[in-house]
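All remarks here apply to the structure that follows.
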Amino acid sequence: MGKLQGKVAVITGATAGIGLAAAELFVKEGAHVFITGRRQKELDAAVRAIGHGVTGVQGDVANLSDLDRLYETVQATGRRIDIVFANAGFGEFRALGEITEEHFDKLFDINVKGTLFTVQKALPLLNAGASIILTGSVASIKGTPAFWVYGATKAAIRNFVRTLAIGVDFPNVLGYLFRLTNLLDVLYFLAFLYALENSSRFLPPLPPLLHLPAS
Ligand SMILES: NC(=O)c1ccc[n+]([C@@H]2O[C@H](COP(=O)([O-])OP(=O)(O)OC[C@H]3O[C@@H](n4cnc5c(N)ncnc54)[C@H](OP(=O)(O)O)[C@@H]3O)[C@@H](O)[C@H]2O)c1
């Protein structure tokens, strides 16, 4: 039996890249997935590629009525949600001096507004113990040329995870156990573990952290 047997997942931005790979894996592990993307043709192709255990719902996460339609579609099947993977995101990069209002609004609308409302609108449908996964980026903490606006949107997502973890803003779901994962943090954590495990290969032996007096 798969690790996600009988579970229901919503994955936004899942017609390509990380979202599609996650959808394929979740279905392989037994979940039914609802996937989204703006382009119908790519959505249809993704649904065909996954093959079974998948429902495609066309929509733009920056458009709140599209998000309403997504969750109405889930509800109409009589299902509730075990995993919300707010993954849809958009990258566009401009140096300071070339940033336009359109660039700013587009990135904040998709990456920040879209992520926040993907999670908020899912709340009434979440099962106890549901997982909320947000796709972050190393750009949230690192200065990178031309990543002014993109980095800021991902910094907002990083903060969403911390605020969600407190749990007090959502009284209707208090008492539920949420597993919150910021993909960025997971990657850092794995890199940290890897570096620890392999430190002797890359670094000279570290001095002992604690010298106990000889007895
Ligand atoms: N690739 C990287 O190196 C990288 C690094 C760090 C973080 N990330 C983050 O990882 C996430 C996924 O990135 P990726 O590289 O896997 O992306 P990708 O291969 O470009 O795929 C993006 C997916 O999101 C959909 N999408 C884009 N805007 C959308 C919107 N407004 N509403 C609904 N769906 C939308 C796209 O379909 P449509 O275009 O048809 O809507 C597509 O299915 C993003 O949040 C990105 O910021 C990526």
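Each value in this text was obtained by applying a stated rule to the coordinates, not by laboratory testing. Since the model is a prediction, treat every value here as computed from it, not as a measurement. Cβ atoms come from the backbone with ideal geometry, glycine included; neighbour counts cover every protein chain shown.
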Among the candidates Phe117, Phe90, Phe108, Phe104, which residue alone is over 24 Å from Ala76 (Cβ atoms), in contact with a Leu (Cβ under 7 Å, 6 or more places away or on another chain) and surrounded by 13 or more Cβ atoms within 10 Å (Cβ to Cβ)? Phe90
Qualifying positions in segment 105-126 - within 15 Å of the ligand (Cβ to nearest atom) and of a type in the set (A, V, I, L, M, F, W, C): Leu107, Phe108, Ile110, Val112, Leu116, Phe117, Val119, Ala122
Residues that are under 18 Å from the mean Cα position of the chain (by Cα), within 15 Å of the ligand (Cβ to nearest atom) and of a type in the set (A, V, I, L, M, F, W, C): does segment 71-82 have at least one? no
Enumeration of residues in segment 2-52 that are surrounded by 14 or more Cβ atoms within 10 Å (Cβ to Cβ), among the charged types (D, E, K, R) and within 12 Å of the ligand (Cβ to nearest atom): Arg38, Glu42, Asp44
